[in-house]
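Report on one structure; see the data block that follows.
The values are calculated or read from the model by the stated rules, or taken from the named source; none is laboratory data. These numbers come from a predicted model, not from an experiment. Backbone-built Cβ (ideal geometry, glycine too); neighbour counts: all protein chains shown.
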């Protein structure tokens, strides 16, 4: 009784001394209650291991006491305490379990939650829901169950658990807060739905132990931004700043919200205010990054070089002070801005500074952009005129290949373009490899990717290009006959209508000449020119193919001894394309067919 009284008066030291004297507890009829109170005392003192031992012992001790009481009542004549002892034992057997038995389970759940043992905590809260039916306790317990479910990733289950108490007079703020957390954590969760819960949470009265108003407002602003409602987020963050609680964080986020709402001047003003008000803030790096992002977004919207230049300066300023994740984010976005302005090598240098382990989430795109920069700054394999140049080109292609292979599994909507670039990189690599086995392996790897593209993206605009390059891979692997056969499809629709069809037919003609069959080569090019040349002349992107087709047509005619026709075509190349790269080869060949 002394222990109970001291506990009620919050005299924890006296209560602990009195209750501990009941040990060993199995010998005392008050063991379950004593251990419950000791669990509460140790819990309040932060002595979690001792508290857990006492809490878990309460239901076990009570069940032992209940079993012993039933056994003793079976032989009532042997009771030494007479009617009083019998009445006590009957109260144990016939009466409901004391409240503290279930409460020990509940508080044990709280304890494990505080220790971040969320699965163990959930097990205890579920057990409590089965043992105790008091409404107030059950409502609180439902909240705790939902919290645990969110913590262990059972978000859909958490929403079902919490929904019945979402409008509870006392718990609504916490319940809505955790429902919003569950939605924002779900892969298919809608930030707008989370924002609605957070709006109701912030409108509910504050309660002890629940989320503070500023905390909810910050989460609400974030949810609104994610939902594409930057304007609403601006108002929320402005309220945080005005409330002067977590104003520093609110002002930092206000910069990004203004940018999301395309309020670029306001974003700049907010960033200036933050830099002046909180010069030593740990959030300054993030604010400077958001400010640079604002400049980049404005540059993209206006497509003005001077705005891109300003964004680049801002990212460089971030890199002057940032480190870790903030610096890597700045490097990636700086590379994007540099890439947009055509500064490909500078973009590549920035991307190479991002460590491989950091390339996750947003930064996963760094690998793709880096590969794109490498491919754009690497000369075609056929331009490698000596061993040194070839080795450098090969190293660049192998770097690009590795980056694209790592990025492809997470490419999502970019998968078609990534797959095509990866196949291109492998095909170019094959063209540089001197060892036949290695060359064939690389060519076959590229071909398999083109075939996978054809199967996965049959209606994609790049499908004809994949078919064309697939045939080139057969040729690289030494199978010219298969390459010729695969290119045959460009003579009939739908492939014949593809923009790449003239090149595919030219390639087929070249392969026929390679295997010693110039006659079909000449016919293919004659048909190709008749069908496509007029359209090519009207297309600025493909007009340069005309002298190429004419030259190879003339070369095929020369091989089948039709010198007059070949000479006529070569003269047209010299006349119409005298300044092109094909003029001089045409003059040389013309001397051979028309001495």
Inset, instruction - Please enumerate the residues belonging to region 435-460 that are outside any helix (DSSP H, G or I), under 31 Å from the mean Cα position of the chain (by Cα) and without any contact (Cβ under 8 Å) to a residue 12 or more places away in the chain. - result: 458, 459
Inset, instruction - Sort out which residues of region 185-201 are surrounded by fewer than 21 Cβ atoms within 10 Å (Cβ to Cβ) and not in a loop (DSSP other than H, G, I, E, B), and write them in order of number. - result: 185, 191, 192, 193, 196, 199, 200
Inset, instruction - For region 573-583, name all the residues that are in contact with a helix residue (DSSP H, G or I) (Cβ under 9 Å, 6 or more places away or on another chain), part of a helix (DSSP H, G or I) and surrounded by fewer than 16 Cβ atoms within 10 Å (Cβ to Cβ). - result: 576
Inset, instruction - Starting from residues that are closer than 17 Å to residue 424 by Cβ and not in a helix (DSSP H, G or I), keep the ones in region 461-497 and report whichever is farthest from the chain's Cα centre (by Cα). - result: 477
Legend entry - In region 336-375, the residues that are in a helix (DSSP H, G or I), free of Cβ contacts under 8 Å to residues at least 40 places away in the same chain and farther than 22 Å from residue 424 by Cα: 338, 346, 349, 350, 356, 357, 358, 361, 362, 363
Inset, instruction - Confirm whether residue 334 is farther than 17 Å from residue 445 by Cα, in contact with a helix residue (DSSP H, G or I) (Cβ under 8 Å, 6 or more places away or on another chain) and surrounded by 15 or more Cβ atoms within 10 Å (Cβ to Cβ). - result: yes
Legend entry - Selection count where residues are buried (at least 17 other Cβ atoms within 10 Å of the Cβ) and over 20 Å from the mean Cα position of the chain (by Cα), scope region 347-356: 3
Legend entry - Cross-chain or 6+ apart pairs with Cβ under 8 Å, region 131-143 first and free of Cβ contacts under 8 Å to residues at least 60 places away in the same chain, then outside any helix (DSSP H, G or I) and buried (at least 17 other Cβ atoms within 10 Å of the Cβ): 138/132; 139/168; 139/171; 140/171; 141/132; 143/171
Legend entry - Flag for residue 97 being surrounded by fewer than 18 Cβ atoms within 10 Å (Cβ to Cβ), within 57 Å of the chain's Cα centre (by Cα) and modelled with pLDDT of 80 or more: yes
Inset, instruction - Could you tell me whether residue 204 is under 26 Å from residue 340 (Cα atoms) and surrounded by 17 or more Cβ atoms within 10 Å (Cβ to Cβ)? - result: no
Inset, instruction - Consider residue 385 carefully, then state whether it is over 23 Å from residue 339 (Cβ atoms) and part of a loop (DSSP other than H, G, I, E, B). - result: yes
Inset, instruction - Run residue 234 past the list (1) surrounded by fewer than 19 Cβ atoms within 10 Å (Cβ to Cβ); (2) modelled with pLDDT of 95 or more; (3) touching a helix residue (DSSP H, G or I) at 6+ places or on another chain (Cβ under 7 Å) and report the number of the one that doesn't hold. - result: (1)
Legend entry - Any hit, region 304-321, residues being surrounded by 18 or more Cβ atoms within 10 Å (Cβ to Cβ), in contact with a helix residue (DSSP H, G or I) (Cβ under 9 Å, 6 or more places away or on another chain), in contact (Cβ under 8 Å) with a residue 12 or more places away in the chain and closer than 24 Å to residue 238 by Cα: no
Inset, instruction - Inspect region 420-434 for any residue being farther than 21 Å from residue 489 by Cα, without any contact (Cβ under 8 Å) to a residue 24 or more places away in the chain, part of a helix (DSSP H, G or I) and within 33 Å of the chain's Cα centre (by Cα) and give the result as yes or no. - result: no
